[in-house]
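A short write-up of the structure that comes next.
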Amino acid sequence: MVFGKVKKWLGIEGVKVELNTAEDLFKADELVTGDIKFTTMNTQQILGIKIRMYERYTRGRGKTSKSDEYLLGEILLDETFMVYPEEEKVINFKMPFKLEKSAMDRMQDKGGLSGFFASVAKKSKGIQSEFRLEAEAEVAGTALNPFDKHIIVWKG
């Protein structure tokens, strides 16, 4: 009995969150669409969902490598619902985001000779960005909220 309460409080055998994005995501759209699938072994109540998008900007190589992380977008879905065993609950979402472009990115976007030189400079300095989407569900009666992360692969 006590062990069951501890498992529930820690989220063990509780709600599982699976984050999925649309297959065709384009940076220029500044919109991420997808869905979040909820499953559980025990009946649970979802009190809300937080979705965030981050860019991890890395430059340099080896010991001189430096990284920064930027929050590009966030939405809070203020939905309350129940998740039951052996059932899937799917929530669709659309999240706008705003890219932070460096001077080198803007020069690369212009194309031509300056775009070529910006591209070469970025490669030589080891500059790269990784985009990540995270979804976290607030579950009633638990201390540790379930979450999922998804690396975004852009189409264009």
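Here, each number is a calculation from the coordinates, and none is a lab measurement. Just so it is clear, the model here is predicted, and its values are computed rather than measured. Quick reminder, even Gly has a Cβ in these numbers, built from the backbone with ideal geometry, and neighbours come from all protein chains shown.
The phi-based Karplus calculation (6.51 cos²θ - 1.76 cosθ + 1.60; θ = phi - 60°) puts the 3J(HN,Hα) values of region 138-144 at 8, 10, 4, x, 10, 8, 10 Hz, whole numbers, x for Gly and Pro. Net charge of the neighbourhood of residue 94, taken over other residues with C-beta under 12 Å away and scored Lys/Arg +1, Asp/Glu -1, is -3. By the rule of a C-alpha distance below 16 Å, with chain neighbours fewer than 8 residues away ignored, the aspartates and glutamates paired with residue 66 are 55, 130.
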